[in-house]
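The structure that follows is given in the form of structure tokens.
The values are calculated or read from the model by the stated rules, or taken from the named source; none is laboratory data. All figures in this text were calculated on a predicted structure; none of them were measured in a lab. Each accessible area value is taken on the protein alone, full model and side chains, heavy atoms only, with ligands, DNA and RNA left out. Shrake-Rupley method; radii C 1.70, N 1.55, O 1.52, S 1.80 Å.
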Amino acid sequence: ANLGSLIRTSSAMGIDAILLSDDCCDAWYRRSVRVSMGHVFRVPIVRLESAIAADHGDGGCGNGGSDSGRGMIDVLKRLGEAGITTHAAVIDDDAQLLETVTVTNRIDTNANGITHTTNNRGWCCVLGNEGNGIRSSVVKACDYRIRIGMAQGVDSLSLPVAAGILLHGLRERETIGQT
């Protein structure tokens with residue numbers, strides 16, 4: 001049900017595509033399709049297979065070995081090379097608050113320590129599951145770690161609710177940056 005809600009929310013926010021890690025549940029499972037209210041057929045959905053994990057005999061499920069998440073890391077690297085900023089949604093107190101995120105420019109520092117800014121060509125928000133979040137290797141592959149500011153004593157939200165807040169917040173920041 002969570003994935004179906006996430007798909008519907010993504011469609012409502014005008015998201016261009018949804019990338020699923022190799023260990024994510026099935027977007028075309030009947031409950032997911034029903035909860036998505038048919039939006040599973042409107043938003044392109046791509047499952048990233050981990051060839052490395054498949055070669056190690058775990059069926060590409062990403063459940064074993066240090067190579068899990070490799071497909072997602074490779075995609076994040078390619079998105080960065082294309083000028084797309086990547087955000088990992090985390091619950092860490094030291095992560096950047098969503099309200100302070102800017103999506104108008106991408107700031108990169110090369111190996112020589114020289115910083116340059118390029119026009120943003122889009123953004124990607126990486127979300128993890130409710131139980132385990134995002135693999136640490138995938139978080140490290142993202143440009144930024146972002147979080148939703150919440151009241152004291154509340155440390156997390158359901159995935160669909162968090163996705164709605166994050167996607168709306170990033171879209172809003174995108175609009176603010178264009179004015």
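Grab the Cα-Cα distance for Asp93 and Asp16, subtract it from 0.36 nm times how many residues apart they are, and report the gain in nm with one decimal. Each step should come with its number before you reach the end.
Values: separation 77, 0.36 × 77 = 27.72 nm, distance 2.93 nm.
Extra length available between Asp93 and Asp16 comes to 24.8 nm.
Another question about this same structure. If you rank Tyr144, Tyr29 by how much accessible surface each has, with a 1.4 Å probe, what is the order from largest down? If you can, show how the numbers build up before the last one.
Numbers: Tyr144 70, Tyr29 120 Å².
Output order, biggest surface exposure first: Tyr29, Tyr144.
Taking every eigenvalue of the Cα gyration tensor of the range 126-179, multiplying by 5 and rooting it, what semi-axes result, largest first, whole Å?
Details: eigenvalues 87, 53, 20 Å².
Taking √(5λ) for each Cα gyration eigenvalue gives 21, 16, 10 Å.
Provide Ile165, Ile15, Ile146 ordered by accessible surface of protein heavy atoms (probe 1.4 Å), highest first. Kindly include the intermediate steps, with their values, before the conclusion.
Working: Ile165 70, Ile15 30, Ile146 0 Å².
Of Ile165, Ile15, Ile146, the descending order of accessible area is Ile165, Ile15, Ile146.
How much of Lys77 can a 1.4 Å solvent probe reach, expressed as accessible area in Å² and rounded to 10?
Surface open to solvent at Lys77 totals about 130 Å².
Ranked from the most accessible area to the least, with a 1.4 Å probe and all protein chains present, what is the order of Met150, Met37?
Values: Met150 70, Met37 125 Å².
The ranking, largest first, comes out as Met37, Met150.
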